[in-house]
1. List, in order, the whole-Hz ³J(HN,Hα) value for each residue of the stretch 247-259 obtained from phi through the Karplus relation with A = 6.51, B = -1.76, C = 1.60 and θ = phi - 60°; use x for Gly and Pro.
2. Each residue of the stretch 55-65 in turn: what ³J(HN,Hα) in whole Hz from Karplus with 6.51, -1.76, 1.60 and θ = phi - 60°, glycine and Pro shown as x?
3. Return one quarter of the surface area of the convex hull spanned by the alpha-carbon atoms of the stretch 49-266, equal to its mean projected area, in nm².
4. Past the 20 Å Cα-Cα mark, which pairs from Lys71/Lys205; Lys71/Lys247; Lys60/Lys247; Lys206/Lys256?
5. Using 0.36 nm times the number of residues separating His257 and Asp174, minus their current alpha carbon distance, what extension gain do you get?
6. Taking Cα pairs under 8 Å and at least six residues apart, what relative contact order does the stretch 49-266 come out at, in percent?
7. Enumerate the aspartates and glutamates that Lys138 could reach by cross-link, defined here as Cα to Cα under 12 Å, with residues fewer than 8 away along the same chain left out.
8. Could you go through the stretch 217-224 in sequence order and give the Karplus-derived ³J(HN,Hα) for each residue, using 6.51 cos²θ - 1.76 cosθ + 1.60 with θ = phi - 60°, rounded to whole Hz, and x for Gly and Pro?
Amino acid sequence: MGLIRRLIIGVVMMVVLAGSLGVAWMLVRSRTAAPDRAARILREISAAGLGAFWDNEDVKHYFLAQDVEGKPIGWYFMARSYADGNYACLFYLTLPGVGIEGREECIVSADARTVRYRGTLVSGNTPETASIFLQDGKVTINTPQGSLSEAAPPNYIPEGLTWLVASRVASGGDYAVFTTIFNQDAVEDNRVLFRSVNMRPQGPKKVLQESIRRTARGEVEVTVAYRFDSAGQVEQIDEINTGITFKRKPVQDVAKHFPQVLRFETLRLKPGKPPENTGEPDEKDQIAT
């Protein structure tokens, strides 16, 4: 092989190598930038305080659940209340058509650094319950078998803040990777299991959320689309895997199909102060009256 050809090949190989290194560097940067971006969003929320994004008035939203054919199959309710620097949040889901019922409640400090959460999901005859505390940068999960604690990752979404975080991702316009804890697989190998949650903005009023969930069929990727109104409030949730859609409606519209939803009109929340973690499941102390 002549010298010129060897030089040409050498230059080409250097260009290819440099290109490969550049691509690898970009991939590494992308993988680290998305979690860093998520952590920054959470720091900004904490620094500004939840009052910068949430009204201090009581809020109640009702969602009608419909299947892929548009048939009403259930409803979803969200309430939020404020008192003495803390927010109480309640989420209630019932899908009689598919045998699912769930209740989540939490008390969140104004800076989102202290959270008490309890959630129960019933699918079929199997209830799955988790009690979670976030305090001093540490997440603790309480179960009847005992407690597990781990340092919270910088990109960990405190319980009750998923909708707010998604709206901030949508308005910011940048892909971000968060972590969270799912009730159905909160613990693995005697450790708290933090799952990655990818949020991809689809314009200023929509976000796709991707995560891995554990099911009876094994681990599956679950995609959910959040759609927001001009005030940044969730107005529609689309479960891409199942085709189920939750559309925000006046309570009277939901009650036409499910009259029992009207009992939530008299519900009142008790924000209180997030208590110190006792290490025991708190089965009695509910925030709703």
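Just so it is clear, none of the values below were taken in a lab; they were calculated from the coordinates. None of these values were measured; they are calculated from a predicted model.
1. 10, 5, 9, x, 4, 5, 5, 5, 5, 4, 9, 9, x
2. 5, 8, 8, 5, 10, 9, 10, 10, 10, 8, 8
3. Details: hull surface 50.0 nm².
For the stretch 49-266, the mean projected area of the Cα convex hull comes to 12.5 nm².
4. Lys71/Lys205; Lys206/Lys256
5. Contour length minus the Cα-Cα distance gives 26.0 nm.
6. Values: 482 pairs, mean separation 33.3, N = 218.
Answer for the stretch 49-266 is 15 percent.
7. Glu150
8. For the stretch 217-224, the Karplus curve yields 8, x, 7, 10, 8, 10, 10, 10 Hz.
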